[in-house]
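Here the structure comes first, spelled out in structure tokens, and everything after it is commentary.
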2 protein chains.
Amino acid sequence: MFDAAEIGHRIGRKAYRAREPELRRALLDAQYRVLEEGRFPVVVLVNGVDGAGKGETVNLLNEWMDPRHVRTEAFGEAAEEDGDRPEMWRFWQVLPPKGHVGILFGSWYTDPILKRVMRHEKRSRFLRRLERIRHFERMLVAEGALILKFWFHLSRRAQRDRLRKLSADPDTRWRVGDDDWRHHEHYDEFVKVCEAALRETSTGEAPWHIVDGSDPAYRALTVGQVLLDAMLARLDGPAPSIAPSAPPPAPALDGRDLLGTLDHSHTLRRDRYAARLEHGQAHLNRLTRDRRFHERSMIVVFEGMDAAGKGSTIRRVTQAMDARFYRVVPIAAPTDEERAQPYLWRFWRHLPRRGHSVIFDRSWYGRVLVERVEGLCGEADWIRAYHEINEFEEQLAESGAILVKFWLAITPEEQLRRFHERESVPHKQFKITSEDWRNREKWPRYERAVADMVERTSTDIARWHLVSTENKLAGRVAVIERICEAVEAAL
Amino acid sequence: MFDAAEIGHRIGRKAYRAREPELRRALLDAQYRVLEEGRFPVVVLVNGVDGAGKGETVNLLNEWMDPRHVRTEAFGEAAEEDGDRPEMWRFWQVLPPKGHVGILFGSWYTDPILKRVMRHEKRSRFLRRLERIRHFERMLVAEGALILKFWFHLSRRAQRDRLRKLSADPDTRWRVGDDDWRHHEHYDEFVKVCEAALRETSTGEAPWHIVDGSDPAYRALTVGQVLLDAMLARLDGPAPSIAPSAPPPAPALDGRDLLGTLDHSHTLRRDRYAARLEHGQAHLNRLTRDRRFHERSMIVVFEGMDAAGKGSTIRRVTQAMDARFYRVVPIAAPTDEERAQPYLWRFWRHLPRRGHSVIFDRSWYGRVLVERVEGLCGEADWIRAYHEINEFEEQLAESGAILVKFWLAITPEEQLRRFHERESVPHKQFKITSEDWRNREKWPRYERAVADMVERTSTDIARWHLVSTENKLAGRVAVIERICEAVEAAL
């Protein structure tokens, strides 16, 4: 894989001087077009062998383009404190918004590669992380991102010569650290691991570009040209189409689904309710104070038809918790910063750190519910979302989060009753809008979306709890008891 | 100050039961009105003596209101890593946006008080921090925030009894830590420091409410009622008016200002330019690699009339730096998330951490330049901004940031020439819009705003550098040399 990058590619000084100004102007022009159109972000990953000119090239890109709209971030091995959230969290924080260029130095490849080279992680874990990266990049591309992955290569001998040369010059000695020499000793092992990483992640939608790093002029022009061509192709060509997606899920032939099997007849006397609620809340309170809970985080998701009682149920849950350690995040229309990012971005930004909980009042499932039903995203977008969401939740679970998901279910008749009640009680009128009535007309389509959602995203790591809130009291108690069970099982 | 809170205020169980439901509904209604109108944020500070029911009351507020729109954050003493940025940074990160309620548990008072009680900081430093807080709160209020500061008090004896009682019950024992008992031993000293803090910071715009914490019913109803009344007063009453501001600065009688004294006749031959630029960049590069520089951060601000060459100058600066450690932040119209916050918020969010640099292409000075001239904020708003900005920059300097501010100056004739040039060169056309022509007509008003700005914000900690870029080459070299001087002086 790296052989072609060891033949000593070179560009003469004269040829470089002849091409550089033109390339530079074209890059700047393309960058401004990307910015003005604001249709997609450009994500540039820079990885490779030490001493192969990664830093110099990144600086050159910043020089050639307008650095005001380029954000460069460097990543090394994951630090301890990063363990507070899923490993991809730190990358989500710096994804460039649409129209901007983000240069991720080291990127999400450095940590898995180094951990594997140093034998801190097993091969199976390594492959799993690469698989995750593949899915992540595919999602970014599907969300519109232009991803360019540059791998800077040097042969073992060229690396040694380069490190020696840098060390000899007082002006560049600072560039060479102990780490660099230690890595050099592991060169063969390092390259072997890298080759595996590149092979596993050189996909159709985000292939690696291997760059011979031995000649500064060659590597600079190469990277600049690849970047330019890619931007122009996206600017002038059609939007990328991810492989055609499967047809949308078909309803079961007998017309039945899990939601339809739900028993709405539960009732609960008010005195029994008070006792069970208090008991459940006390239990939840004790659990969240447990020492072991402080090592975890908790994410509770509430979805449900309008007027199913999400808000009042959430309040019964938070009553049992310490306000310093939880947050309720209501999901409404995205802000403009959120719209400039992949749809999962606005959930990543709210993920709790260790010892904390976040309760989502509506969630990332909006993608396969309201966005599907209202046509706010394309069919292929919500179809791919099931898998993306499962991937996301898997990462949450792996990072130690306790994830509990609720669908609060009511019958259409009960919804109608509650709508009328809201309209007649003055201090509840703000809760009912014409949109609620419009959504109600689409009940059957929502119901089908819910059935598909539950079928495809109720996984062993994050099962859906379908809870009838036809009787509000019974529903609230059930929710709290389910949360307790989930926390207990997790601890 | 605390005497009135030691007389054992009480509310009987029956009276509590009679008032609580009504208060609760009214609070919820008020909260929704605040949310719908989205005009101001509600910032609730909760501080006080250990064991006085702070946590319980905060939980109750979350129960009474809709926790989806309340964000509770707890703050203790500043941790080591907070030292990477100015001390107020962590509070800016969690300020509630307009329409929302933020409960800041511990808030910005805990750290100065504890540091003073433990004698880790001198009295002069303590008073200085209180002064900063006073300015900060005044700014929040001026920006529209409703601030409520609750101080929960307990007498020495009541505190001891309460800690004992909590320790005796297995269900509440977890609430009492070693810290609580240690603080109890320091009770007298603690209360003395607190009294000074409250006295210094009980201002007209943000007074303290001292709450007797001995009776749960009394303290809960008190806090709820104060909060309710304050929200209603803001909802139904006029917007708060900060004390009338001074009249706007008058121009000097002789019509001269610092800007007018600037010499625009410097020229620089291209070969001399190349040599000096290279020398300056090499110098800057060495400085930013200095070990001592890694202990600091750097913030460079560029302001200037349209076409004064901010962009091209910034590029000459960044060429000398490592892209992994700097960011260029271009300031354009605020996003909707930024509009829901005080105007300085969007600059706080971009502050560099230690070892990093941020270059602002336009900055917080927009408040006293474009916002003043275009009438985007009220007169009182930009008049108070000078002091707020000086305060802000003082905090930057104190946190170790090296702050360098440039006004790039050209003559109106030169601007006209550059505008025409931009119109005639294809790849520069995107740089010129009808807005630039409109701004040009306001040249005299901008000039006056600049003169006022320089006069009022060129301080000993952050002097303005007025640099003529009439000759671009001379201007660029001057900027880089000034940055080098500033960094050298700082190290």
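Of (1) out of contact with any helix residue (DSSP H, G or I) (no Cβ under 6 Å at 6 or more places or on another chain); (2) within 13 Å of another protein chain (Cβ to nearest Cβ), residue B:316 satisfies all except one. Which?
Status for residue B:316: all satisfied but (1).
With the checklist (1) touching a strand residue (DSSP E or B) at 6+ places or on another chain (Cβ under 8 Å); (2) open to solvent by 30 Å² or more (accessible area, probe 1.4 Å); (3) away from chain B (no Cβ under 14 Å) in hand, flag the one item residue A:353 doesn't pass.
The failed condition is (3).
What is the one condition in (1) within 18 Å of residue A:59 (Cβ to Cβ); (2) within 14 Å of chain B (Cβ to nearest Cβ) that residue A:152 does not satisfy?
(2)
In the set B:338, B:398, B:394, B:388, which member is crowded, with 21+ Cβ neighbours inside 10 Å and charged (D, E, K, R)? Working first, answer last.
On the way: B:338 fails: crowded, with 21+ Cβ neighbours inside 10 Å; B:398 fails: crowded, with 21+ Cβ neighbours inside 10 Å; B:394 fails: crowded, with 21+ Cβ neighbours inside 10 Å.
Only one candidate qualifies: B:388.
Please go through region A:319-350 and pick out each residue that is at the interface with another protein chain (Cβ under 9 Å from one of its Cβ atoms), within 17 Å of residue B:96 (Cβ to Cβ) and in contact with a strand residue (DSSP E or B) (Cβ under 7 Å, 6 or more places away or on another chain).
Selection gives A:323, A:324, A:326, A:327, A:328, A:329, A:330.
Residues B:262, B:258: which one is away from chain A (no Cβ under 14 Å) and out of contact with any helix residue (DSSP H, G or I) (no Cβ under 8 Å at 6 or more places or on another chain)?
It is B:262.
Within the bounds of region A:165-182, is there any residue that is assigned by TED's automatic domain parsing to the domain that holds residue A:131, surrounded by fewer than 19 Cβ atoms within 10 Å (Cβ to Cβ) and under 33 Å from the mean Cα position of the chain (by Cα)?
Quick first cut of region A:165-182, residues assigned by TED's automatic domain parsing to the domain that holds residue A:131 only: A:165-182.
Filter once more, so that each one left must be surrounded by fewer than 19 Cβ atoms within 10 Å (Cβ to Cβ): A:165-175, A:177-182.
From the residues that got through so far, the ones that are under 33 Å from the mean Cα position of the chain (by Cα) too are A:179-180.
Yes, that holds for at least one residue.
Residues that are within 12 Å of another protein chain (Cβ to nearest Cβ), at least 2 per element: which helices (runs of 4 or more DSSP H) completely within region A:27-138 meet that? Write out each step before concluding.
Values: elements: A:54-64, A:89-92, A:110-117.
In region A:27-138, A:54-64 are the helices (runs of 4 or more DSSP H) which contain 2 or more residues that are within 12 Å of another protein chain (Cβ to nearest Cβ).
Report, by residue number, each residue of region B:457-491 that is closer than 15 Å to residue B:263 by Cα, outside any helix (DSSP H, G or I) and open to solvent by 10 Å² or more (accessible area, probe 1.4 Å).
Once the filter is applied, which keeps residues that are closer than 15 Å to residue B:263 by Cα, outside any helix (DSSP H, G or I) and open to solvent by 10 Å² or more (accessible area, probe 1.4 Å), region B:457-491 yields B:465, B:466, B:468, B:470, B:471.
Considering only residues that are touching a Lys or Arg at 6+ places or on another chain (Cβ under 8 Å) and in a helix (DSSP H, G or I), look in region A:420-437 and name the one that is nearest to residue A:450 (Cα to Cα). Explain how you work it out, then say what you get.
Here is the first cut: in region A:420-437, the ones touching a Lys or Arg at 6+ places or on another chain (Cβ under 8 Å) are A:421-422, A:427-429, A:431-432.
Add one more test, that the residue is in a helix (DSSP H, G or I), and what stays is A:421-422, A:427-429, A:431.
Details: A:421: 25, A:422: 25, A:427: 30, A:428: 27, A:429: 27, A:431: 23 Å.
Only one residue fits best here, namely A:431.
Could you tell me which of the residues B:242, B:210 is modelled with pLDDT of 85 or more, surrounded by 15 or more Cβ atoms within 10 Å (Cβ to Cβ) and either among the basic types (Lys, Arg) or not in a helix (DSSP H, G or I) (or both)? Spell out how you get there, then give the answer.
Values: B:242 fails: modelled with pLDDT of 85 or more.
Sole residue among the options that is modelled with pLDDT of 85 or more, surrounded by 15 or more Cβ atoms within 10 Å (Cβ to Cβ) and either among the basic types (Lys, Arg) or not in a helix (DSSP H, G or I) (or both): B:210.
Kindly provide the set of residues from region A:290-315 that are part of a helix (DSSP H, G or I), of a type in the set (D, E, K, R) and in contact (Cβ under 8 Å) with a residue 12 or more places away in the chain, ordered by number.
Initially, region A:290-315 is screened for residues part of a helix (DSSP H, G or I), giving A:291-295, A:310-315.
Next cut, of a type in the set (D, E, K, R) only: A:291-292, A:295, A:310, A:315.
Correct list: A:292, A:295, A:310.
Quick check on region B:291-298. Is at least one of its residues of a type in the set (A, V, I, L, M, F, W, C), at pLDDT 95 or above and either open to solvent by less than 20 Å² (accessible area, probe 1.4 Å) or assigned by TED's automatic domain parsing to the domain that holds residue B:410 (or both)? Full working, then the answer.
Going residue by residue through region B:291-298, those that are of a type in the set (A, V, I, L, M, F, W, C) are B:293, B:298.
Retained after the next criterion (residues that are at pLDDT 95 or above): B:298.
Those left that are additionally either open to solvent by less than 20 Å² (accessible area, probe 1.4 Å) or assigned by TED's automatic domain parsing to the domain that holds residue B:410 (or both): B:298.
Yes, region B:291-298 contains a residue that is of a type in the set (A, V, I, L, M, F, W, C), at pLDDT 95 or above and either open to solvent by less than 20 Å² (accessible area, probe 1.4 Å) or assigned by TED's automatic domain parsing to the domain that holds residue B:410 (or both).
Given the condition of a type in the set (Gly, Ala, Ser), in contact (Cβ under 8 Å) with a residue 24 or more places away in the chain and either buried (at least 21 other Cβ atoms within 10 Å of the Cβ) or part of a helix (DSSP H, G or I) (or both), answer yes or no: does some residue in region B:442-453 qualify?
Here is the first cut: in region B:442-453, the ones of a type in the set (Gly, Ala, Ser) are B:449, B:451.
Subset that is in contact (Cβ under 8 Å) with a residue 24 or more places away in the chain: B:449, B:451.
From what is left, the residues that are either buried (at least 21 other Cβ atoms within 10 Å of the Cβ) or part of a helix (DSSP H, G or I) (or both) are B:449, B:451.
The answer is yes; a qualifying residue exists.
The values are calculated or read from the model by the stated rules, or taken from the named source; none is laboratory data. Predicted model only: the values in this text are computed from it and were never measured. Reconstructed Cβ throughout: ideal geometry from the backbone, glycine too, with neighbour counts over all protein chains shown. Surface accessibility is based on the protein's heavy atoms, side chains included, excluding ligands, DNA and RNA. Shrake-Rupley method; radii C 1.70, N 1.55, O 1.52, S 1.80 Å.
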